[in-house]
1. Quick check on region 359-377: of everything there that is more than 23 Å from the chain's Cα centre (by Cα) and away from the ligand (no atom under 13 Å from the Cβ), which residue is surrounded by the fewest Cβ atoms within 10 Å (Cβ to Cβ)?
2. Residues that are acidic (D, E): which helices (runs of 4 or more DSSP H) entirely in region 1-104 hold 2 or more of them?
3. Determine which member of the set S224, S167 is closer than 26 Å to P103 by Cα and in a strand (DSSP E or B).
4. Report yes if P307 is near the ligand (Cβ under 10 Å from one of its atoms), modelled with pLDDT of 95 or more, outside the structural domain of R492 (by TED's automatic domain parsing) and under 23 Å from the mean Cα position of the chain (by Cα), otherwise no.
5. Specify which of the listed residues (A49, A93, A54) is away from the ligand (no atom under 11 Å from the Cβ), of a type in the set (G, A, S) and at negative phi.
6. Looking at A97, A163 in this structure, which one is at pLDDT 95 or above and either closer than 26 Å to Y439 by Cα or surrounded by 16 or more Cβ atoms within 10 Å (Cβ to Cβ) (or both)?
7. Just for helices (runs of 4 or more DSSP H) wholly inside region 440-523: which have at least 3 residues that are touching a strand residue (DSSP E or B) at 6+ places or on another chain (Cβ under 7 Å)?
8. Starting from residues that are in a strand (DSSP E or B) and either within 31 Å of the chain's Cα centre (by Cα) or aromatic (F, W, Y) (or both), keep the ones in region 110-159 and report whichever is farthest from G327 (Cα to Cα).
Amino acid sequence: MSKNCLNVFERDDCLKKLANEPVDLLVIGGGITGAGIALDAASRGIKVAMVEKADFSSGTSSRSTKLIHGGLRYLKQLEFSVVKETGKERAIAYRNAPYLVHPEKLILPIQKKGSLGWYSTSFALWVYDFLAGVSKRDRKKMISKSEMLKLLPQFKSNELIGAGLYSEYRSDDSRLTIEIIKKAVSFGALAFNYLEGLDFIYQDKLVSGIVAKDHIRKQELEISAKCVVNAAGPWVDEIRKTNASIGKKRLVLSKGVHLVINKDKLHLSHAVYFEAKDKRMIFAIPREGKIYFGTTDTVYSGNINTPKTSKKDALYLLECMNDAFEGINLKLSDVVSSWAGLRPLIHEEGKSSSEISRKDEIFISSNGLFSIAGGKLTAYRSMAKRVVDLVNKKRNLSNKKCQTSSIILSKSKVDINNIKTIKNQLFKDYKISKNDLEYLWTRYGMESKKILDKKHVNPNPKIALVINEFDYCLEQESVWSLLDFFRLRNARVYFYPESISGLIAPIAEHAKQKLQWTEEKKQKEIDALNVFLKEAITFE
Ligand SMILES: Cc1cc2nc3c(=O)[nH]c(=O)nc-3n(C[C@H](O)[C@H](O)[C@H](O)COP(=O)(O)OP(=O)(O)OC[C@H]3O[C@@H](n4cnc5c(N)ncnc54)[C@H](O)[C@@H]3O)c2cc1C
């Protein structure tokens, strides 16, 4: 049986294979863009490898609003093609990963001094549904002020006229990325985290591979490839610089921040997308006992590896919420977690970051490097299709057409039409609480069974379940650190931060044994996680 590159215990063997056998396509960047390209290529039979310098999805693809959405805001900018594409992609994402992509009705309040009135909102939502081809059942509905207040009783009513209710989808960006990577690997792709592309190798002045640094084994290796795609999100220009191919079109990075509060701070049964006093649009979204809200949009020129939520960002978002909702009086001390991400946008002269198009663009350098920049999480599949179509046209790697619109994102075989029954059966077969089942199901879907089937190695069933989850991630999702596990595999640092203190010691001890950490390494891992938790609620 062939080895699994996402199993930490089989990684070394897979990496040897990568160093010894040239691939057709090498993708730099393990965010949603790189993951999508790897899946598209692998499913067309192309020999593909993907390298990620840190953990999968650790860049922008874990720091978004986590919506699979058409981007209502882009209608205002007359970006019909973006709205149409992302609108259609929502339905495909839902069809292919129903455990991970959840329909979410959003409320769009209409306010007296707002940018949109009743009729213009109704028209805009109609166009939105029309462009996305939304089914009749899910199309927008206009609701009166009193109907809206029944749904959102704390929304300030003095300026309120009514609201539009429309359909979007919520997901988890990191989980979506890792699920796509797992699926790509099941089609034969090789994918490695902690493997950084350092430089390019050239043959006859054309890119023919990369020099990479393995941060796990602290060694360098060369990887040969017929074609290299740079899908490094905010780092795309750094890589183009290394390749001496940066042209006139450059990235501009825009920082976006989200804050998380406990749900007892605000009664929010529905997600809401409201206009703040300064006319910017803000999302507030309930998830797993928490509410997260954002975002900001400011040009960023700091360190790409460490964007942070500043005090100014945090105070701005709290003010937006306090202005919109009655009597909540949110303070910095109410924030239980936060994240900041960088949008990789393509610079347009004279436009502010919020006005720049979210369209993606592919650049091909004269020495043969393909770079993909811009885009949205939601459109990852169609972006990947465009990249692989183009690479294929230029390099003739496969005669197969794109398959991904019908690829179910699950490693386990599943009858997608029967998904509810499968979930209910899981609940009957394993005597775990509804919350624990929801937690596992919305992260691992049908693979939850593999976690539940593992032998308990801790007398406390709650801790045993998390240890089993960790083991699953070691064997199937290449998890190497405590922070990656709690941030990028299960998002506990954002949505269950209070649960972590009771889990750190047993999970760290278990990880130490499994990964043969020294006591010093174990302590470093614990410290890194604690520092992250502290920084997520410290604003300077
Ligand atoms: C605040 C915010 C909110 C957003 N909300 C939404 C939303 O709700 N819905 C939506 O559809 N989109 C949203 N987006 C956009 C979406 O998140 C991004 O378009 C998407 O995540 C970009 O993915 P990516 O793979 O291109 O980049 P990234 O996720 O950043 O991936 C690039 C990867 O390349 C790696 N890398 C860099 N250099 C190297 C190297 N030398 N070697 C190996 N690897 C390297 C990095 O470590 C990184 O992991 C949002 C963005 C932001 C910032």
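1. Our first condition is that a residue be more than 23 Å from the chain's Cα centre (by Cα); within region 359-377, this holds for 363-369.
Now narrow it down to the ones that are away from the ligand (no atom under 13 Å from the Cβ): 363-368.
Values: F363: 17, I364: 13, S365: 18, S366: 11, N367: 15, G368: 21.
Here the residue is S366.
2. It comes to 11-20, 80-96.
3. One residue alone meets the criteria, S167.
4. yes
5. Values: A93 fails: away from the ligand (no atom under 11 Å from the Cβ); A54 fails: away from the ligand (no atom under 11 Å from the Cβ).
Exactly one residue qualifies, and that residue is A49.
6. Working: A97 fails: at pLDDT 95 or above.
None of the others qualify; the one that does is A163.
7. 492-495
8. Residue satisfying both the conditions and the ranking: K141.
The values are calculated or read from the model by the stated rules, or taken from the named source; none is laboratory data. Bear in mind that the values here come from a model prediction, so they are computed numbers and not experimental data. Ideal geometry is used to build each Cβ from the backbone, glycine not excepted, and the neighbour counts take in all protein chains shown.
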